[in-house]
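Right, one structure below, let's go through it.
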Amino acid sequence: MKKIIAFSLSLLLLISCSDNTQKKINKIPVSFSIERFDSIFFSTSHSEFHTLKRKYPFFFSPNIPDSIWIDKQKDSMQQVLHNEIKKKFTTLADVKNDLRKLFQHILFYFPDTEIPRVISLQNNIDYQVPIIYTPKLLLISLDTYLGAENELYIDIPQYISRQMDAPYITSHVANDFLSKKALPPENRTLLAKMIFYGKQMYIHELLLPKMQDTIRLGYTYKQLEWTNTNEQFIWDYFVENELFYKTAPTYSRRFIDIAPFSKFYLSIDNQTPGGIGKWLGYKIVKAYMRRNKVSLETLLKTPSEIILTQSKYKPKR
């Protein structure tokens, strides 16, 4: 009975601390707008292009004449993309609200951060670079978030296109922001890469605490269920096959890179999500942070081997 009471008190204290933290975050002032360059570009006349180029110099090479941009406005494929964006994003109010909450969390955990200038654009469905986050600029390519079932994505693999929808925008913004915060892997081992991404995923959860895990991880519900159910198997496989200190690129392709599934070379492969090594790194980092109450700055600097050892990670059975 005493243990139950102690556990209940600890749980209440944790919830109370969480609520207080969230109240502080909600009070952080954030002011920004989203500049609809995707619309502005197509509504700019030839005579006004000099003004447009002055306002958005980073989009225009001085070596390209205005006639090229005018031709782009009239290009049939560009018009199709533009019309699809207009249909999908009649307003960016929801996107702005989600970004505001993300920026509040970023400022709470990284108070020296400057809120960037936010610009939406059209970028030929370049799904490999849908978001660019720099200290001064946040660029969002809206044509990479038209919805997984959009006919323009028919030739894109499903494991990629399912993340090409509006609910993933804020998650991808957080990912790109965090990719610049974590130090690069200290060596070429699979463990270093796992922990590098695990740190990002751990902080991602702090920045977007209400986000569904399927969106945060980019998994389907079935993949998430399989991963949670098979946590012991995944850990045992990595340990028994001594994968942590492998350095060959093939191991990154099997367990880190974006892919339709991870490659255990077993019959269950098709049930797995790609990049399972990132997920396992995330679980290890979470275990480390439960045991070591260190700052995020310290976490980001801590070597992968120390995190693995001091995490004392044990998978759920």
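Expressed in nm², what is the orientationally averaged projection area of the convex hull enclosing the Cα positions of the range 187-302? Before the final figure, lay out each step's value.
On the way: hull surface 29.3 nm².
That works out to 7.3 nm².
For the range 182-260, state which chymotrypsin sites (Phe, Trp or Tyr not before Pro) are in a DSSP loop and have at most 14 other beta carbons lying within 10 Å of their beta carbon. It would help to have the intermediate numbers written out before the result.
Values: sites: F196, Y197, Y202, Y219, Y221, W226, F233, W235, Y237, F238, F244, Y245, Y251, F255; in loops: Y219, F244, Y245.
Those that pass, being in a loop and sparsely packed, are Y245.
Take the residue pairs K55/K301; K88/K293; K222/K246 and return only those whose Cα atoms are more than 32 Å apart. Don't skip to the answer; put the middle values down first.
Values: K55/K301 38 Å; K88/K293 43 Å; K222/K246 29 Å.
From K55/K301; K88/K293; K222/K246, over 32 Å: K55/K301; K88/K293.
How long is the gain from D236 to K222 if the chain were fully straight, where each residue apart is worth 0.36 nm and the alpha carbon distance is subtracted?
Numbers: separation 14, 0.36 × 14 = 5.04 nm, distance 2.12 nm.
This chain segment gains 2.9 nm when fully extended.
Is any residue of the range 170-190 close enough, with backbone N under 12 Å, to a label point placed 7 angstrom from the Cα of T298 along the Cα-Cβ axis, and if so, which?
Flagged as within label range: none.
In percent, what relative contact order does the chain have, based on Cα pairs under 8 Å that are 6 or more apart in sequence?
Once normalised by length, the contact order is 14 percent.
If you place +1 on the Cβ of every Lys and Arg, -1 on the Cβ of every Asp and Glu, and leave all else neutral, what size is the dipole of the chain about its Cα centre, to the nearest 20 Debye? Before the final figure, lay out the partial values.
Values: 43 positive and 31 negative charges, 298 e Å.
Around 1440 debye, computed over the chain.
With Cα extents along the principal axes in Å defined as stated, name the option among (i) 199, 37, 25; (ii) 76, 48, 34; (iii) 78, 67, 40 computed from the structure displayed.
(ii)
According to a simple spin-label model (label point 7 Å from Cα along Cα-to-Cβ), what is the distance in nm between K312 and D126?
Placing both labels 7 Å beyond Cα along the Cβ direction yields 4.8 nm.
Would you please name the GluC sites (Glu not before Pro) within the range 220-270 that are DSSP coil residues with at most 13 other C-beta atoms within 10 Å of their C-beta? If you can, show how the numbers build up before the last one.
Values: sites: E225, E231, E240, E242; in loops: E242.
Loop-located and lightly packed - E242.
Report the gain in length on full extension from S33 to V80: 0.36 nm times residue separation, minus Cα-Cα distance, nm rounded to one decimal. Walk me through the intermediate numbers first.
Values: separation 47, 0.36 × 47 = 16.92 nm, distance 2.59 nm.
Difference between extended and current length: 14.3 nm.
Which distance in nm do the two modelled labels at L152 and S67 give, with both placed 7 Å along the Cα-to-Cβ direction?
Roughly 2.8 nm, to one decimal.
Specify whether the C-alpha gyration tensor of the range 34-179 places it in the rounded, prolate or oblate class, a ≥ b ≥ c being the square roots of the eigenvalues: rounded for a/c under 1.5, otherwise prolate if a/b is larger than b/c and oblate if not. The partial results should precede the final answer.
Values: a/c = 2.00, a/b = 1.22, b/c = 1.64.
Oblate, since a/c reaches 1.5 and b/c is not below a/b.
With +1 on the Cβ of every Lys and Arg and -1 on the Cβ of every Asp and Glu, and nothing else charged, how large is the dipole of the range 190-311 about its Cα centre, in debye rounded to the nearest 20? Display every interim value, and only then the final one.
Values: 16 positive and 11 negative charges, 73 e Å.
In total the dipole reaches around 340 debye.
Please list the non-local residues whose amide H lies under 5 Å from the amide H of R117, H modeled 1.01 Å from N, same-chain partners needing a gap of 5 or more.
So R117 has HN proximity to L137, L138.
With each run of n ≥ 4 DSSP H residues scored as -39500 (n - 2.57), what mean residue ellipticity at 222 nm is computed for the chain after dividing by its residue count and rounding to the nearest 500 deg cm²/dmol?
On the way: 16 runs with 172 residues, N = 317.
After summing the helix terms and dividing by residue count, I get -16500 deg cm²/dmol.
Given R₀ = 41 Å, FRET efficiency for N187-A166 by Cβ-Cβ distance, to 0.05?
For R0 = 41 Å, the calculated efficiency reads 0.60.
Please report the antiparallel percentage of the DSSP beta bridges confined to the range 107-220, to the nearest 5. Don't jump to the answer; show the numbers that get you there.
Values: 3 of 8 bridges.
Of the beta bridges lying entirely in the range 107-220, close to 40 percent run antiparallel.
Could you tell me which residue out of I160, L99, Q73 lies farthest along the dipole of the range 34-179 toward its positive end? Charges go on the beta carbon: Lys and Arg +1, Asp and Glu -1, centred on the Cα centre.
L99
Laboratory data are not the source of any read-out in this text; all were calculated from the coordinates shown. Everything numeric in this text was worked out from a predicted model, so none of it was measured. Methodologically, a virtual Cβ is constructed for each residue, glycine included, from the backbone with ideal geometry; neighbour enumeration extends over all protein chains shown.
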